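This report refers to the structure that appears directly beneath it.
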Amino acid sequence: MGDAEIIPIGTRGRPGRGTGTQPSSAARGLAPQRKPTAKKAPAAAPSTAEAPTQPDPAPAAAATADATAGLAARTEERHPLAGVPASDWLAAFRAAAIEVFGDQWELQLARFLAFLRRRVTGEYVVDEYGFDQEITQQFFMAALRPIAEKWFRIEVRGIDNIPDEGGALVVSNHSGTIPVDGLMTMVSIHDHTGRFLRPLGADLVFQTPVVSSLARKGGATLACSEDAERMLRGGELVGVWPEGFKGIGKPYAERYKLQRFGRGGFVSAALRTGVPIVPLAVVGAEEIYPLVGNLPGLARILGIPYLPITPFFPLLGPLGLVPLPSKWLLEFGEPIRTDEYEGSASEDPMLVFNVTDQVRETIQQTLYTLLMQRESVFR
C-alpha cells in the first residue's frame, strides 16, 4: 500500500490556502531544517571591583550644612538687624512714628493714610481756579511755617482788621528781590485767622512750567479784573501787590520806598464789589536779598524782568540763594470801606486815584513807623 497524501482540512486540496501562510516544509514532504543558534553564555556575577558603589550621604549633608551656614553668615553681615526680635522692631517703629507725627502719632498716621487714599482715588476738591485746599494746608503751609516762625521770626500786628468772613482785598508793599513776602503773608494770615489768602500773580508766574502749577494749587490766579472781582464776590480773601516787579527789583538803596501803584485796577475791583481794602505793611523782606546790581541785557535774553546781583549771589553760587534771617514785622491797617460809594464810582478816575493814593500813603507811613520801632535788622 502506497503512502497516503495528507490534505489539510479546509484548503480544498491546495496547501496553505485559508491560513495566509506558506505551507510548511513538513507539508511539502521536506524535513525541517534548524538554523544553528548561538548559545548565550551565562552572565558572570559582577566582581567586587567593577560593581557600582552607592554614594555616602554623610559628605553631601555636611556640604549642604556648610553652605547654609555660610549663607546665613553672609545674610547677617548684610543685615545686621536680622536677628533683632519683633518686639524691638515694633518699639523702634513706635519711636520713629512719635518723632515724625508727635504724641498723637496713631491719629496722625491714620489721617495721613486717609489723605493718601483720597489722593489716589481722586476724592478731593479743586475749585474753578485750580486751588487745592488740602494740598495747600497739608504741604505748602507746613513747609512755609517753620521758615516764618524760626527763620524770619515774623511778628504780626493788627490781624483783627482781617474780616472773619466775606470778601476783602489785602493790599501790600512788595520787596525782597524774590517774592518771598507773598508766601510769608499767606502763611501768617492762615495761621492767625484760618483763612486762605488768594494772591493775584503776574503773567510770568503762570508762564513758568513748574511754578505755574504750584501757584494754581496754592490758590493764586492771574492778576486780572475779571478773576479778582469773581473771587471777591464769592467771599474770598484776595491779596494784591500793586508795585509788581518794580517793587521786588528795586535797589537796596531805595528800600522801603514804595513804587507807583499802577493805574488803580485793584481799587476799581473793590469799588465794583463793595469789599473793604486792608492795607498791609511788611518790614524785613528788603534785607533777605540786598539787591546791589542788575544784568538787564542777560535778563532780556532769559525773558525775566531783571537778573539780580547781591553780595552773595552769584559769588557764592547756590549758597547765595539762602535768604538772610532778617526780623519781619507785618502790620495790617484799618480797613478802607468801599461800600459807601455808588455803583458807578469805579468809573470815576479821580475817585479811583484818590482811593489808590490813600492806600499807598497808609502803607508808606506804616513802613516808616515800623522801621523806627525795629531795634535791628536781625533782631
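Note on Lys257: aspartates and glutamates with a C-alpha under 20 Å away, same-chain residues under 8 apart excluded, are Asp181, Glu243, Glu286, Glu287, Glu331, Asp357, Glu361, Glu375.
Computed from backbone phi with θ = phi - 60° and the Karplus coefficients 6.51, -1.76 and 1.60, the 3J(HN,Hα) list for region 201-215 is x, 6, 4, 4, 4, 8, 9, 8, x, 7, 4, 4, 5, 5, 5 Hz; x is used for glycine and proline. Calculated FRET efficiency, Trp151 to Arg233, Cβ-Cβ distance, R0 = 45 Å: about 0.75 to the nearest 0.05. Pop out the carbon and sulfur fraction of the accessible area of region 323-379 as a percent, whole number, probe 1.4 Å. It is 51 percent, rounded to a whole number. Estimated at the nearest 10 Å², the accessible area of Arg118 is 70 Å² with a 1.4 Å probe.
A Cα-only calculation for region 117-193 places Rg and Dmax at 14.6, 42 Å.
Take region 206-315 with all the other protein chains still there, run a 1.4 Å probe, and you get 45 Å² of accessible area per residue. To the nearest 10, the accessible area of Leu214 is 90 Å² with a 1.4 Å probe. Along its first, second and third principal axes, ordered by size, region 168-229 spans 32, 28, 22 Å in Cα coordinates. Counting heavy atoms of the protein chains alone, Ile162 has an accessible area of about 0 Å² for a 1.4 Å probe.
Evaluate the distance, in nm, between pseudo-label points positioned 7 Å from the Cα of Phe139 and of Glu347 along their respective Cα→Cβ axes. Each label point is offset 7 Å from its Cα along the Cβ direction, giving 4.6 nm. Using the Cβ-Cβ distance between Ile301 and His192 with R0 set to 35 Å, the FRET efficiency works out to roughly 0.25.
Shown for region 115-168: the carbon plus sulfur share of the solvent-accessible area, taken with all protein chains present and a 1.4 angstrom probe, equals 52%. Rounded to the nearest whole Hz, the Karplus-based 3J(HN,Hα) values (6.51 cos²θ - 1.76 cosθ + 1.60, θ = phi - 60°) of region 150-164 follow the sequence 9, 8, 8, 6, 5, 10, 9, 10, x, 5, 5, 6, 7, x, 5, with x at glycine and proline. Assuming charge only on the beta carbon of Lys and Arg (+1) and of Asp and Glu (-1), the dipole of region 324-379 about its Cα centre is about 620 debye to the nearest 20. Relative to one another, the C-alpha centroids of region 302-358 and region 102-164 are positioned 25 Å apart.
Amide H contacts for Val126 (H built 1.01 Å from N in the peptide plane; partners 5 or more residues away or on another chain; cut-off under 5 Å): none found.
The values are calculated or read from the model by the stated rules, or taken from the named source; none is laboratory data. Everything numeric in this text was worked out from a predicted model, so none of it was measured. So basically every Cβ, Gly included, is an ideal-geometry build from the backbone, and we count neighbours across all protein chains shown. Side chains are part of the model used for accessible areas, which takes the heavy atoms of the whole protein and leaves out ligands, DNA and RNA. Shrake-Rupley method; radii C 1.70, N 1.55, O 1.52, S 1.80 Å.
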